[in-house]
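Throughout, read-outs are computed from the coordinates displayed, never taken from laboratory work. On a predicted model such as this, the values are computed, not experimentally measured, just so you know. Please note: Cβ atoms are built from the backbone with ideal geometry, for glycine as well, and neighbour counts cover all protein chains shown.
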Amino acid sequence: MFWRVAFSIAASQLTHRRRQTVVSVLGVALGVGFFIGVSSIMSGSEKDFVDRLVNSAPHITVKDEFRDPAKQPVFIRFPKAAVKLENVKPREYLRGIKNYGEKVDELSQRPGYVAEAALTGQAIVRYANKDMSASLIGIDPEKEKLLTRVAEDMREGRLERLRTASDGIVIGSGMSTRLSLKLGDLASVVSPAGQVKRMKVVGIFHTGNLMLDYGQIYMLLKDAQVLLDKPFIANQLRIKVPDPNAAEGIAAALEARWGYRSESWQEVNRDILGLFIIRNAIMYSIVSAIMIVASFGIFNIISTVVLEKRRDIAILMSMGFREADIQYIFLMQGFIVGVLGMLMGWAIGWGILAILGQVEFTVPGMADRQGFVLDKSFQQWAIGGVFSLVAAIGAAWIPARKASQVHPVDIIRGAV
Amino acid sequence: MTGAARPEEGVLVEARHVTRILDLAVPVRLVHDIELKVESGEFVTITGPSGSGKSSLLYLLGLLDVPSEGEVLIGGKTTAGLSSNELAALRLSRLGFVFQFHFLLPEFSVLHNVMLPMQRLGRLSERELTERGMALLDRLGIADQAEKMPDQLSGGQRQRVAIARSLGNDPHIILADEPTGNLDTKNSEVVRDIFRRLAEEEGRTIIAVTHEPAFAEAAMRNVHLVDGEIVSDTRHPD
């Protein structure tokens, strides 16, 4: 087995320059270790965030709005003409999604879909002489449970009790604290339409998101319709689809069909998803920079060894080692440094993850202290390993080629 | 145990009109129009003043260098036009080199150095390699040094290790470039004897460059070079 001969020669030359080898290995290892640490934070937080987006909100929201105002007849008739209309007033039409019941039924029949009609609006919650404004949403508890995480976020009571209690509401933990409003208390809910309802708190949720905890209330759709004075009207269709990644296309299809503005979760969060791409690009540039610096170290040590070992190379060639054998020996040295760097890098990465796992901090807008969400999947380790091997073998390539081009006669003559 | 070379009959190494010109700014002619036939089992020395091209001729015969004109034949087959890999394969299996400087790899033990060419050829198992390496060292009287590192050995011992290494793959042809050049009289004598025994007892063909008259006299035949050309080719009557 030739590789064993090559390995023994390569390894002996590396151990001969132990200190330089250790430095090169460390360079690679730090690159791999930091990559694992940074990328597991990055990808962990990205996955966590996307997870939240996908699970805590409907994948598609159809609203009773239109993306573009209806075209005036004159523009349709003369598409290329220069026409100026003055004092055009937007048309007043009855808000709400037409035939929402039919639409919900149709969507619900598609396999894997969950669809719910909802009515949103503003209200003021009044209790013990204190007021708080709130966004209210009228929902169907059974479906809301499948669409969002509010049922899991319940701290007291249950979302389903909206159904059994008459005039029940579910409020957030922030509102509960500020208004001293407890489970079972009766609060007054005042709508902009002038309706006032005495409603009973049947549940308190806590999401950690301050805006929701202080300002969101849930009630049954029919209660919301009464309160907002919009009988038989829903202004949102909230839809969950089987494959979240397909939501964008489905939303476009629904919008084309019904005309209502249909927003997928990707569209709503486009700016944030864009930031993730930039973030990943930054991370990979930094890691590449570290690896390039590390590969200079490898290039340096192997070049030195080649220069130092020209006599050994010449004698190996005179013995009958081929040029490719010599190249192989020095590429093997790069490979050894790469593998050692990879293993040590994995150890460093493991250590970094262990430390990061213990860090906690507070994010503005979130009530609870948080830790990093780390992605510990196999992928980071594999990418880090491939990075180190490519850098190491790539750096060994040039000196290895140079070694194979040594002309034994020149060296042997020179040595005498 | 050391595997005496099967005697191969006839002309083993042959140079036909070999010329080597170094292609520098001013071309340098190393050897010119060399005609030489070395028969199997011959012990030939190449002598000549320094700069006469004797080492250059040896490297050409040993396939370390390729002639500018003419051809070198090994075992009756031409080596002209062979790739560097084919030349390396021939060097590995049929030729053994001994240089003035021992050229042992400093990181490896004496035994491991001897085993390297055999390992490259890869015909023997690890155990057989070790046995053969030890047998070769024993043949050269340095078996007790096997586990030492080269820098713990004396000059004469190192040169014997180098000879043992050249015999690893049982080559028919041993090429030596001033093998006693760095040795004192006593060690020179030992090395000279080894070469004579390799030729006489084992039937190996030996071509050695030397400037020592005693070494040249120990050989069966002496080729004298001046200015890259053969001026005399004498056989000793034993």
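Residue order for B:GLU189, A:GLU263, fewest other beta carbons within 10 angstrom first, comes to B:GLU189, A:GLU263. Angle of helix A:247-258 to the longest C-alpha principal axis of chain A, folded into 0 to 90 degrees and rounded to 10: 30°.
Identify the residues of segment A:220-244 with backbone N under 15 Å of a label point that sits 7 angstrom from the Cα of A:LYS200 along the Cα-to-Cβ direction, or state none. Hits in segment A:220-244 for A:LYS200 at 15 Å: A:220.
For A:ASP410 and A:GLU92, calculate 0.36 nm times their separation in residues minus their Cα-Cα distance, and state this gained length in nm to one decimal. Write down the numbers at each step before the final one.
Numbers: separation 318, 0.36 × 318 = 114.48 nm, distance 9.49 nm.
The A:ASP410-A:GLU92 span can extend by a further 105.0 nm.
The ranking of A:TYR113, B:TYR59 by Cβ neighbour count inside 10 Å, starting from the fewest, reads A:TYR113, B:TYR59.
Around the amide H of A:THR207, modelled in the peptide plane, lie the amide H atoms of A:SER173, A:ASP213, all under 5 Å away and 5 or more residues distant in sequence or on another chain.
Restricting to Cα pairs below 8 Å that are 6+ residues apart, what does the relative contact order work out to for segment A:134-206? Please round to a whole percent. Before the final figure, lay out each step's value.
Working: 108 pairs, mean separation 26.5, N = 73.
It rounds to 36 percent for segment A:134-206.
When only alpha carbons are used to place a centre, segment B:151-221 and segment B:129-148 end up 17 Å from one another. The distance between label points at B:LYS148 and B:GLU229 comes to 4.8 nm (points 7 Å beyond Cα on the Cα→Cβ vector).
Taking 7 Å steps out from each Cα toward its Cβ at A:GLU142 and A:LEU343 produces label points 6.0 nm apart. In this rough spin-label picture, where each label sits 7 Å from Cα along the Cβ direction, the B:ILE21-A:PHE378 distance is 6.4 nm.
To the nearest ten degrees, helix A:378-404 and the longest principal axis of the Cα atoms of chain A are 30 degrees apart.
Give the order of A:SER173, A:SER180 when sorted by the count of other beta carbons within 10 angstrom, beginning with the fewest. Working shown, then result.
Details: A:SER173 20, A:SER180 10.
Listing A:SER173, A:SER180 from fewest to most nearby Cβ atoms yields A:SER180, A:SER173.
When the Cα positions of A:VAL306, A:VAL22, A:GLY357 are compared along the charge dipole of chain A, A:VAL306 comes out farthest toward the positive end, with charges on each C-beta of Lys, Arg, Asp and Glu.
Nearest 0.05, what FRET efficiency do A:LEU186 and A:ILE398 give at R0 = 60 Å with Cβ-Cβ as r? It would help to have the intermediate numbers written out before the result.
Details: r = 81 Å, r/R0 = 1.35.
Result of the calculation: an efficiency of 0.15.
Please compute the length gained on full extension between A:ALA11 and A:ALA128, using 0.36 nm multiplied by the number of residues separating them and subtracting their Cα-Cα distance.
Details: separation 117, 0.36 × 117 = 42.12 nm, distance 8.05 nm.
Gain on extension, A:ALA11 to A:ALA128, equals 34.1 nm.
Simple point charges give the picture: +1 on the Cβ of Lys and Arg, -1 on the Cβ of Asp and Glu, and for chain A a dipole about the Cα centre of about 580 debye.
Helix A:2-16: angle to the longest alpha-carbon principal axis of chain A, degrees 0 to 90, nearest 10? Roughly 90 degrees between the two axes.
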